[in-house]
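Have a look at the structure below before the remarks.
The values are calculated or read from the model by the stated rules, or taken from the named source; none is laboratory data. Quick caveat: nothing in here was measured; it's all calculated off a predicted structure. Every residue, glycine as well, gets a Cβ built from its backbone with ideal geometry; the counts of neighbours run over all protein chains shown.
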Amino acid sequence: MNYELINMGAYNLHLVKTNRFKTITVEVDFRREIQKEDITKRAVLKEVLLNSNKNYRTERELIIESEKLYDLKLVASSARMGNYTNISFKTRFLDEKYTEKNMNEESIAFLMDIIFNPNIDNGSFNEEVVNKCKNRIEKSIKSLKDSKLKYTLFKLLENVKDKPYSYNSYGYLEDLEKIDGKVLYDYYKDMINNDFIDIFVVGDFDSIKIKELIKKYFKARTYHKTKTNIIVEELPIIKKIIEQSEEDNVNQTQFTILCGINNLTEFERKYVIKVYSELLGGSSNSILFDTVREKNSYAYYVNADVKSYDNTLLIYSGIEPGNKNEVFKLIKKCLIEIEKGNFTDDMLNNAKETLIGGIKASLDSPSGIINNYFAKILVGTDNFEERIDNFRKVTKEDVINVSKKINIYSTYTLEGVKQDEEN
Amino acid sequence: MKKIKFNIIDEEVYYEKLDNGMDVYLFSKDNFHNNYVTFTTKFGSIYNEFVPIGKDKMIKVPKGVAHFLEHKVFIQEYDPQPSDFFAESGALTNAYTTFKNTTYLFTGPDNLVENVKYLLDFVQEPYFTDENVESEKGIITQEIHMCDDRPIDVLYEHIRKNSLHNNPFKDSIIGTVNDINSIDKKVLDTCYETFYHPSNMFLVVTGNFNVDEMINAIKENQNSKKFKKENKIKIKEYKEPDEVVLKEEIIKMNTNIPKLAYNIKIPYNKFKMEKRKLNLYLYIIFSILFDDSSLFNERAKKENIITNAIYTNILNCDSHILISLINETFKYNELLDMIKEELKTINISSEDLERKKKVLVSNEIFSFENIEIINEMIIDSIIFDNNIEGNIINIINSLNIEELNEIIKQIDFKNVSTIIVKKDK
């Protein structure tokens, strides 16, 4: 695998040449500092661009065209990364070695056409298309409650005012109302002109040719961008944990905990905190799983998940109704056990090896490879080999030190009030 | 070892049957980083009535026993437990139970040969006690509750329940709380001895390794163990009527957007065509009619009847195929009418067929990007078709409009069960 980063002025071009795949992947990322009122616009925008285009007026024509390009895969997604919000357009298609000559160029041209040649009349996106996409976003906002865990985590985080992770990543119904074709087109131009742009290409290609193709079809030509710190400001350490709950007609109670992380060093943020989270609740051999599920049979699942850009750690579990207090006690006990160093070298080693295994496995997927190089640009993530070595270097003392930087901030419980009598 | 070649895709799988009856499939590539290994028994939720190994009388076991067994096989008498063992080399382990198989697996880049031997060992040396069987019941009951809370899971359960009379696919894989409570150590022992015999199992290794070294290690491991004499497992046969059980049902539960499933029940014996090919045609027919590239989809979206394309789920239940058209919409009645109208007269052009053939070819080549998908494809081929097809691209290329129209003629599009899941007001 060979990696090359080329500064193209208006954007960074990342070329990853590897013979691992029979496909070529191209990803274009637009990012800027997150603003709450932009979330809904960006969600609608990515839908609109994938729905209609000057050349392919309808979603149907667009899909038929992609199927003719040997079922080229095309997705757009929007996500938050720390203080940034990011829209990503990604395509993956069969290397022309397996199909027909010129398919690589046609496929790249197709992606860029989707981004740069939208269906505009009189300085506005086509209203019919915009309305269709707004309906879709409305539905996804409303569907949040169908996933009990997602909903509970959302409520947990929503209560932390002013932090970007408190925003609803699906968008807001009140913002949706304000969006029309004109508003959206203005935002689109703003995005193309002012966002940071990174383009990634992964596959077995000729680098010179690919660079020329991207140059030929990628049309953003701007240089003024405002940099922001990706890392979200820490939560204050508070004496009394904020506990909130609501009842719902479900069989299983969802219990979620938000922890703040304070004063991480760079090495801790990149490595130690990830080892800690894995050890605490990463998989079925974690301390939480072992204590709460296996030894006490209270929960079906219990996990910990660190958000290192956010300075937070989330713990979430699905438990038998009525057991919340017991489970919370057990979880707190697990946190203290780590602080006291009550875990074996084997457990620590397993957590480290699991993370290392994940790094190696990521080399088998284009998105794993892209995520790594994207993180390198964002936070200076080390190379694959360095990451593996550095995870190996994490000691028990490192983990104990980092465990003292973790403070429970709040909890949210979706309490099940129905007991199934029939079964 | 035998080689199975995949034409055009330019890949190959090695195959060998061991002395104890176990089948081994090996797929290795030197530019892969990770490995994915599965060990599968042809024992899933549908095998509830059978003659146990060494016996002559048919017995009936509680539903959900295959899944229960899956949980219990993971418990070892002595530490390390499987998840700890695999974690030592950064590997992850898991297992799942379907209608027709139970699969144990791990995935990880290092220590492959030792991990493969360990996978065989832990599955082949389980540890059941009255206490540990009892303690699992709480965990599985939680899992059942979790499914009962998920509207989409409830919908899928009812698709089978309302379509099938006697076919054991009608029951849930996990069982009910009553089923689970009636399971004991003796039942688990009986099922284990019968269905976990090596002649009823197969191992699939996909990743980056030396093929000869791997097969030798597997043989050495298996030759060192003793098993009962192989015998053919007798499963109770059933007669399944072609009619559905319930033509319509509305289920009320805690959900925001109503969910609709329109289920067509099709008997297999009506078609004189290989199952694999028939499935390709069915996929093509229903995707041309209803997917994102269809006129139907465009119309239904324009009229605000749907926001996302109908999803077509094709379930092979041995005696029958259930085709389910699934969608989430407040306008489920309008959508139902539209579907019925669409299925009255079906016209498919050869241009559309050719486009969908490109899609199918692309799917096959894409599968070979990912060791997990390659592995699952091998498992599915063995479970559903009993062999691996190396000529799949040629088969796709041979599909034609005459055969397709013949199949459309033979399907009774009115043999339907509809299910709606909506809010309880």
Meets criteria (facing chain B (nearest Cβ under 10 Å) and crowded, with 22+ Cβ neighbours inside 10 Å) for A:E59:
yes
Report those helices (runs of 4 or more DSSP H) wholly inside region B:155-237 carrying at least 3 residues which are under 26 Å from B:E372 (Cβ atoms).
B:211-223
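Residues to consider are B:I257, B:I251; find the one that is in a loop (DSSP other than H, G, I, E, B), over 25 Å from B:K409 (Cβ atoms) and either touching a strand residue (DSSP E or B) at 6+ places or on another chain (Cβ under 7 Å) or not assigned by TED's automatic domain parsing to the domain that holds B:V154 (or both).
Among B:I257, B:I251, only B:I257 is in a loop (DSSP other than H, G, I, E, B), over 25 Å from B:K409 (Cβ atoms) and either touching a strand residue (DSSP E or B) at 6+ places or on another chain (Cβ under 7 Å) or not assigned by TED's automatic domain parsing to the domain that holds B:V154 (or both).
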Scan of region B:67-82 for residues that are part of a helix (DSSP H, G or I) and touching a helix residue (DSSP H, G or I) at 6+ places or on another chain (Cβ under 7 Å), ordered by number
B:F68, B:L69, B:H71, B:K72, B:V73, B:P82
Criterion (in a loop (DSSP other than H, G, I, E, B), in the same structural domain as B:I215 (by TED's automatic domain parsing) and either in contact with a helix residue (DSSP H, G or I) (Cβ under 8 Å, 6 or more places away or on another chain) or closer than 17 Å to B:E237 by Cα (or both)) met by exactly one of B:D19, B:D30
B:D19
Can you tell me which condition B:K358 does not meet? The list is (1) at pLDDT 95 or above; (2) within 14 Å of chain A (Cβ to nearest Cβ), and all the others hold.
(1)
Under 6 Å between Cβ atoms, which residue pairs at least 6 apart in sequence (or on different chains) link something in region B:229-250 that is under 30 Å from B:F195 (Cα atoms) with a partner that is among the acidic types (D, E) and modelled with pLDDT of 95 or more?
B:K236/B:E49
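So that you can scan it fast, the table gives a plain yes or no per residue for (1) under 17 Å from A:R42 (Cα atoms); (2) in contact with an Asp or Glu (Cβ under 8 Å, 6 or more places away or on another chain):
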{"position": "A:D121", "(1), (2)": "no, no"}
{"position": "A:N126", "(1), (2)": "yes, no"}
{"position": "A:V130", "(1), (2)": "yes, yes"}
{"position": "A:I141", "(1), (2)": "yes, no"}
{"position": "A:K145", "(1), (2)": "no, no"}
{"position": "A:K163", "(1), (2)": "no, yes"}
From the residues in region A:141-174 that are facing another protein chain (nearest Cβ under 9 Å) and small (G, A, S), which one is farthest from B:I152 (Cα to Cα)?
A:S143
The condition of being at pLDDT 95 or above and over 19 Å from the mean Cα position of the chain (by Cα) holds, among A:E100, A:E59, A:E67, A:E128, only for A:E67
What are the residues in region A:341-368 that are in contact (Cβ under 8 Å) with a residue 24 or more places away in the chain, part of a helix (DSSP H, G or I), of a type in the set (G, A, S) and surrounded by fewer than 23 Cβ atoms within 10 Å (Cβ to Cβ), if any?
A:S367
Tally time: how many residues in region A:369-392 are free of Cβ contacts under 8 Å to residues at least 24 places away in the same chain, in a helix (DSSP H, G or I) and not hydrophobic (A, V, I, L, M, F, W, C)?
6
Could you figure out which of (1) in a helix (DSSP H, G or I); (2) touching a helix residue (DSSP H, G or I) at 6+ places or on another chain (Cβ under 9 Å) isn't true of A:T413?
(1)
Just checking, how many residues over region A:290-310 are among the small types (G, A, S), assigned to a strand (DSSP E or B) and at the interface with chain B (Cβ under 9 Å from one of its Cβ atoms)?
1
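Each row is one residue, and each column tells you yes or no for (1) in contact with a helix residue (DSSP H, G or I) (Cβ under 8 Å, 6 or more places away or on another chain); (2) free of Cβ contacts under 8 Å to residues at least 24 places away in the same chain; (3) outside any loop (DSSP other than H, G, I, E, B); (4) over 22 Å from A:D175 (Cα atoms).
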position: A:D29; (1), (2), (3), (4): yes, no, yes, yes
position: A:E47; (1), (2), (3), (4): yes, no, yes, no
position: A:I64; (1), (2), (3), (4): yes, yes, yes, yes
position: A:F89; (1), (2), (3), (4): yes, no, yes, yes
position: A:E100; (1), (2), (3), (4): no, yes, no, yes
position: A:E106; (1), (2), (3), (4): no, no, yes, yes
position: A:M112; (1), (2), (3), (4): yes, no, yes, yes
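Yes or no, residue by residue, for (1) of a type in the set (G, A, S); (2) closer than 30 Å to B:I339 by Cα; (3) at pLDDT 95 or above:
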{"site": "B:K186", "(1), (2), (3)": "no, no, yes"}
{"site": "B:P198", "(1), (2), (3)": "no, no, yes"}
{"site": "B:V205", "(1), (2), (3)": "no, no, yes"}
{"site": "B:K219", "(1), (2), (3)": "no, no, yes"}
{"site": "B:E240", "(1), (2), (3)": "no, yes, yes"}
{"site": "B:I250", "(1), (2), (3)": "no, yes, yes"}
{"site": "B:K272", "(1), (2), (3)": "no, yes, no"}
{"site": "B:D291", "(1), (2), (3)": "no, yes, yes"}
Long-range neighbours under 8 Å by Cβ, at least six apart or interchain, first residue in contact (Cβ under 8 Å) with a residue 40 or more places away in the chain and more than 16 Å from A:K155 (Cα to Cα) within region A:233-256, second crowded, with 19+ Cβ neighbours inside 10 Å and among the β-branched types (V, I, T):
A:E234/A:I261; A:L235/A:T312; A:Q252/A:I319
Report yes if some residue within region B:104-121 is outside any helix (DSSP H, G or I), buried (at least 20 other Cβ atoms within 10 Å of the Cβ) and away from chain A (no Cβ under 11 Å); otherwise report no.
yes
Picked from region A:258-289 (must be outside any loop (DSSP other than H, G, I, E, B) and of a type in the set (S, T, Y)), the residue surrounded by the fewest Cβ atoms within 10 Å (Cβ to Cβ) is A:Y271
Under the condition of being away from chain A (no Cβ under 11 Å) and hydroxyl-bearing (S, T, Y), which residue from region B:83-103 is surrounded by the fewest Cβ atoms within 10 Å (Cβ to Cβ)?
B:Y96
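Looking at B:S324, B:S293, which is the one that is assigned by TED's automatic domain parsing to the domain that holds B:I383, polar (S, T, N, Q), over 22 Å from B:K422 (Cβ atoms) and not in a helix (DSSP H, G or I)?
B:S293
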Of A:I319, A:I336, A:I331, A:I287, the only residue that is within 14 Å of chain B (Cβ to nearest Cβ), aliphatic (A, V, I, L, M), out of contact with any Lys or Arg (no Cβ under 7 Å at 6 or more places or on another chain) and within 18 Å of A:I408 (Cα to Cα) is A:I287
Does at least one position in region A:368-381 carry a residue that is touching a strand residue (DSSP E or B) at 6+ places or on another chain (Cβ under 8 Å) and within 14 Å of chain B (Cβ to nearest Cβ)?
yes
